[in-house]
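K.L.:
Next up is a structure, given as structure tokens.
The values are calculated or read from the model by the stated rules, or taken from the named source; none is laboratory data. Nothing here was measured: the structure is a model prediction, and the numbers come from that model. Cβ sites come from the backbone with ideal geometry, for glycine too, and all protein chains shown count toward neighbours.
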2 protein chains.
Amino acid sequence: MEPIRKAGLLGGGWAARFALNGIDVTVFDPDPEAERKIEAVMENARRALKKLVRAPLPQPGIVRVVDTVEEAAAGADFIQESAPEREDLKRALLTEASRAAPPAAIIASSTSGLLPSRLQADCTHPERLCVGHPFNPVYLLPLVEVVGGGETAETTKQRAADIYRSLGMHPLIVRKEIDAFLSDRLMEALWREALHLIDDGIATTDEIDQAVCYGPGLRWSFMDTFLTYRLAGGEAGMRHFLHQFGPTLELPWSKMEGPELTEGLIERIAEQSDAQAGDTGLRDLERLRDDCLVSVIHGLNDHDHGAGAVLHAYERNLRQAGEPKATGPDPALRLHSEPVRPEWIDYNGHLSEAYYVLVLGHATDALYDHLGMGPDYREENSLSLYTVEAHVRYLKEVPPDVTLDVETRIFGFDEKRIRFGHVLSVEGVERATEELMVLHVDTEAGGTRPMPQAVQDHLAGLVDKAPPDWAGRSVTLLWTGCGLQL
Amino acid sequence: MEPIRKAGLLGGGWAARFALNGIDVTVFDPDPEAERKIEAVMENARRALKKLVRAPLPQPGIVRVVDTVEEAAAGADFIQESAPEREDLKRALLTEASRAAPPAAIIASSTSGLLPSRLQADCTHPERLCVGHPFNPVYLLPLVEVVGGGETAETTKQRAADIYRSLGMHPLIVRKEIDAFLSDRLMEALWREALHLIDDGIATTDEIDQAVCYGPGLRWSFMDTFLTYRLAGGEAGMRHFLHQFGPTLELPWSKMEGPELTEGLIERIAEQSDAQAGDTGLRDLERLRDDCLVSVIHGLNDHDHGAGAVLHAYERNLRQAGEPKATGPDPALRLHSEPVRPEWIDYNGHLSEAYYVLVLGHATDALYDHLGMGPDYREENSLSLYTVEAHVRYLKEVPPDVTLDVETRIFGFDEKRIRFGHVLSVEGVERATEELMVLHVDTEAGGTRPMPQAVQDHLAGLVDKAPPDWAGRSVTLLWTGCGLQL
């Protein structure tokens, strides 16, 4: 399959998506810098897909830039046109490609909104032309709108959809040709409203971005207006909500006039919304929404961006406001507690073993904070603590929806090393133990370095004189009955 | 601080957000079922916040439903009105509350779009009234639009913003009063366009939801139209993009007319967009966008929903299409490789220890698949493998952006147990070893059970006759120089 395309951002994104899925790509682009620009997009795409996809991708296809439309189209199985958004230009290019391509090749246009009936008008075999409208960045966003014109064969849309699906995309077959299709109509309405807000001096681009990203935009990543409003209707339901909504459609809440919310339209929306929700009840939809929101915000938290940065600041304030955990009469330190997250549960319905270690790692961070060797100490002094050995015993499964409590004991230390252990419990029952040895290292010089005297003095007062029997144990398997050690 | 509110979904959400942040709440709501409805929202909120927030939340405040506005407002520090969206109703309620409340109490209205100048018209001390417009679910979404009317004091908006911020929210102070403020104008434009699409029979509610959630909606969770278009402008920049965009504003791509894209408007947008991007260059913005998209899609993958479900299906296909890894002449099995994800890197710039164990866990899953004891075997037979002990040696740090390869060796087994080890390497250099003991258990009966004979025969052929010296080691710390064991 060898698509042909204009090597702008969209074309480069397509080249990347095809090639990184193992498909050879031939590009025609009059831009003398085409090769460099495609490679820039390919570089971003390789980086992003390596992060996104946790399964083996095939050997990449070869991307080749050629000088003529004929050369690119001849022998192609699939052609993806991504020229600038001008109907005359696209029409000429598509017509030329349709003459050079094998009759069975699918020809798709990346147009954001031009009508396929008009684009296919001069093509040979117009029945194999359709729109395949992607979204930037093409190598990451799954949506592609598939739209046929008056002469497009049904099989063309299905074959195009299958190909897009094989590239990891989500083809949405649009049932009726319309200017700007579905996504761009919705985006365009929002964009024009935003332009009015700026034109009228009501808001800046930054304020408009905030008005989306910290609120409705978080929902739009997994649930659009209709399901959202279904939930907003609450127990009263979608019909009730729409009736209630009617009057606000008359209000000057947008520069756009809405349609009249007739009984017929309300009925149609309510029926479609019922079909969409299927058997999923209100409460389950609410929980799906909440779980997706939590995951999206946590995802953004990893980049300290948008709603993730808000959560970050909030948690930091809570930690500072929180009371320090008290040390008991025994040498155990209680420095860390943390709820089990739903995505930590494995196929057995229990906490997956990696997350025992993750939470124990957070408890280790809390110990370093307690000893005055937290992030600031480490950053300012180019010093750090490296774990060189850890021995975990998994004693008992951890169910979902509980809180994990960790107790920490110091078993020993010398000036450069600490040996300590954690006990992880749920509701007072031990679930795992971990024994660790860590080194105090100078990250710039690259070797170990003594810990400050104050830390060593602190440690001396914490050492457990009667360590538990699991401290110092090795992983052994005794053959029961014959005493043979494996 | 005791807010008063209508106990709909919005009011219940506010009650939850205040109470779960340790603030006592008094509610006035004429709905006889108010208490039950609030508790339903509280239950969702408790569940969601437990997942979202990984820091200690304060002791929850008490929520009390009272019979009169006076009772709710008297003695309150902060009042949040959330009555139905009718100006006459809201005005009467706010006026009544303003008479009963202490003069210093802030009064905020949750209205989605009514003008604060009109809402405050009859209030005593109108200067302490503003809009505080939240988004459903109020207990999770950070955005709250703060809008003042003609009589609102500047300090009122600042004080309200501070309070919202202390609840983990993102207050956006809207600079000019306008019907529907910012977010709802944008949402309303999109909603009216969507209603037209349904009214005209172009699409169903489900198709419109898909047109958002699999494409532009994924971006809107962290980056709105303006930054997106800045990137779409590519190397040519925002001014160039807007000039190019001009003609499409004339196209019938929305039922709404856009403003004329004059040179003045283009200049204003370009300047605001430059200020918004600040020092962040195009390439850095692209990478931030890509990283956020990957995290958002991975987050949705945890719930197998929307774009996350598309990724899931794609990865499954890739795994099935991928060639099986060959077994070498030595007894090591090479069954698993995986790229390091950026969020796995700790403050030292190295792979965090929990993720060594996570990846080693995936290699353990791959071993079970190899032995014919994969997810299907476990599910069909109510059998599973439990890790009872694991010993990890961290040998060498793992840098970002590399691929982790795992080799697996069987050290021994009996009919119910397997002892095996993994070596985790990067570019041929060993980074960690893990030794594990797992039990074959009957998850219904609750005890161990012999593995199938075929699995035992397979294992017999895999056992490493010359296991590495790290097999069977314990965690010990020898005091160098004096031979004293800690």
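K.L.:
Among the residues of the range A:279-314 satisfying the criterion of being of a type in the set (Gly, Ala, Ser) and assigned to a loop (DSSP other than H, G, I, E, B), which is farthest from the chain's Cα centre (by Cα)?
P.N.:
Within the range A:279-314, the subset of a type in the set (Gly, Ala, Ser) is A:281, A:295, A:299, A:306-309, A:313.
Keeping just the survivors that are assigned to a loop (DSSP other than H, G, I, E, B) gives A:281, A:306.
On the way: A:Gly281: 26, A:Gly306: 14 Å.
Among those that are of a type in the set (Gly, Ala, Ser) and assigned to a loop (DSSP other than H, G, I, E, B), it is A:Gly281.
K.L.:
How many residues does the range B:401-427 contain that are within 11 Å of chain A (Cβ to nearest Cβ), assigned to a strand (DSSP E or B) and among the hydrophobic types (A, V, I, L, M, F, W, C)?
P.N.:
The total comes to 5.
K.L.:
Right, next: Considering only the range B:353-386, how many residues are surrounded by fewer than 16 Cβ atoms within 10 Å (Cβ to Cβ) and at the interface with another protein chain (Cβ under 7 Å from one of its Cβ atoms)?
P.N.:
1
K.L.:
Oh, and also: Residue check: is A:Arg165 closer than 28 Å to B:Asp209 by Cβ, without any contact (Cβ under 8 Å) to a residue 12 or more places away in the chain and in contact with a strand residue (DSSP E or B) (Cβ under 8 Å, 6 or more places away or on another chain)? Before the answer, list the steps.
P.N.:
Working: closer than 28 Å to B:Asp209 by Cβ: yes; without any contact (Cβ under 8 Å) to a residue 12 or more places away in the chain: yes; in contact with a strand residue (DSSP E or B) (Cβ under 8 Å, 6 or more places away or on another chain): yes.
Yes.
K.L.:
Among the candidates B:Leu251, B:Leu231, B:Leu227, which residue alone is surrounded by fewer than 18 Cβ atoms within 10 Å (Cβ to Cβ) and either within 24 Å of B:Pro142 (Cβ to Cβ) or at the interface with chain A (Cβ under 7 Å from one of its Cβ atoms) (or both)? First the steps, then the outcome.
P.N.:
Details: B:Leu231 fails: surrounded by fewer than 18 Cβ atoms within 10 Å (Cβ to Cβ); B:Leu227 fails: surrounded by fewer than 18 Cβ atoms within 10 Å (Cβ to Cβ).
B:Leu251 is the lone residue from the list that is surrounded by fewer than 18 Cβ atoms within 10 Å (Cβ to Cβ) and either within 24 Å of B:Pro142 (Cβ to Cβ) or at the interface with chain A (Cβ under 7 Å from one of its Cβ atoms) (or both).
K.L.:
Identify the residue in the range B:254-278 that is free of Cβ contacts under 8 Å to residues at least 60 places away in the same chain, over 32 Å from the mean Cα position of the chain (by Cα) and surrounded by 15 or more Cβ atoms within 10 Å (Cβ to Cβ) and, among all such residues, is farthest from the other protein chains (Cβ to nearest Cβ).
P.N.:
Only one residue tops the list, namely B:Ile266.
K.L.:
Here are A:Arg128, A:Arg118: which of them is basic (Lys, Arg), buried (at least 18 other Cβ atoms within 10 Å of the Cβ) and over 27 Å from A:Ala45 (Cβ atoms)? Before the answer, list the steps.
P.N.:
Values: A:Arg118 fails: buried (at least 18 other Cβ atoms within 10 Å of the Cβ).
Checking each option against the conditions leaves just A:Arg128.
K.L.:
Here's a follow-up. I'd like to verify a number: residues in the range B:388-419 that are of a type outside the set (Lys, Arg) and more than 29 Å from A:Lys50 (Cβ to Cβ), how many?
P.N.:
Of the residues in the range B:388-419, the ones of a type outside the set (Lys, Arg) are B:388-392, B:394-395, B:397-408, B:410-415, B:418.
Still in the running and more than 29 Å from A:Lys50 (Cβ to Cβ): B:388-389, B:391, B:410-415, B:418.
Total meeting the criteria: 10.
K.L.:
Of all residues in the range B:428-471, which are outside any helix (DSSP H, G or I), at pLDDT 90 or above and among the polar types (S, T, N, Q)?
P.N.:
B:Thr433, B:Thr448
K.L.:
Condition first: assigned to a loop (DSSP other than H, G, I, E, B), touching a helix residue (DSSP H, G or I) at 6+ places or on another chain (Cβ under 9 Å) and at pLDDT 80 or above. Now tell me which residues in the range A:347-373 satisfy that.
P.N.:
Quick first cut of the range A:347-373, residues assigned to a loop (DSSP other than H, G, I, E, B) only: A:347-350, A:352, A:371-373.
Restricting the remaining residues to those that are touching a helix residue (DSSP H, G or I) at 6+ places or on another chain (Cβ under 9 Å) gives A:347-348, A:352, A:371-373.
Once the filter is applied, which keeps residues that are assigned to a loop (DSSP other than H, G, I, E, B), touching a helix residue (DSSP H, G or I) at 6+ places or on another chain (Cβ under 9 Å) and at pLDDT 80 or above, the range A:347-373 yields A:Ser352, A:Leu371, A:Gly372, A:Met373.
K.L.:
Can you name the residue in the range B:179-190 that is touching a residue at least 60 places away in the same chain (Cβ under 8 Å) and not in a helix (DSSP H, G or I) and is also surrounded by the most Cβ atoms within 10 Å (Cβ to Cβ) among such residues?
P.N.:
Here the answer is B:Phe181.
K.L.:
Quick one: B:Ala203 ticks every box in (1) facing chain A (nearest Cβ under 7 Å); (2) buried (at least 20 other Cβ atoms within 10 Å of the Cβ); (3) within 21 Å of B:Arg118 (Cβ to Cβ) bar one, so which box is it?
P.N.:
Answer for B:Ala203: the failing condition is (3).
K.L.:
List every residue pair whose Cβ atoms sit under 6 Å apart, with the two residues 6 or more apart in sequence or on different chains, where the first one lies in the range B:91-118 and is free of Cβ contacts under 8 Å to residues at least 24 places away in the same chain and the second, anywhere, is crowded, with 19+ Cβ neighbours inside 10 Å.
P.N.:
No pair meets every condition.
K.L.:
Additional query: Could you list, in sequence order, the residues of the range B:380-400 that are assigned to a loop (DSSP other than H, G, I, E, B) and hydroxyl-bearing (Ser, Thr, Tyr)?
P.N.:
Within the range B:380-400, the subset assigned to a loop (DSSP other than H, G, I, E, B) is B:382, B:395-400.
Correct list: B:Ser382 only.
K.L.:
Separate question: Taking the criterion of being in the same structural domain as A:Tyr139 (by TED's automatic domain parsing), among the β-branched types (Val, Ile, Thr) and in contact with a Ser or Thr (Cβ under 7 Å, 6 or more places away or on another chain), would at least one residue in the range A:38-59 satisfy it?
P.N.:
At the first step, the residues of the range A:38-59 found to be in the same structural domain as A:Tyr139 (by TED's automatic domain parsing) are A:38-59.
Now restrict to residues that are among the β-branched types (Val, Ile, Thr): A:38, A:41, A:53.
From what's left, in contact with a Ser or Thr (Cβ under 7 Å, 6 or more places away or on another chain): none.
No, the range A:38-59 contains no residue that is in the same structural domain as A:Tyr139 (by TED's automatic domain parsing), among the β-branched types (Val, Ile, Thr) and in contact with a Ser or Thr (Cβ under 7 Å, 6 or more places away or on another chain).
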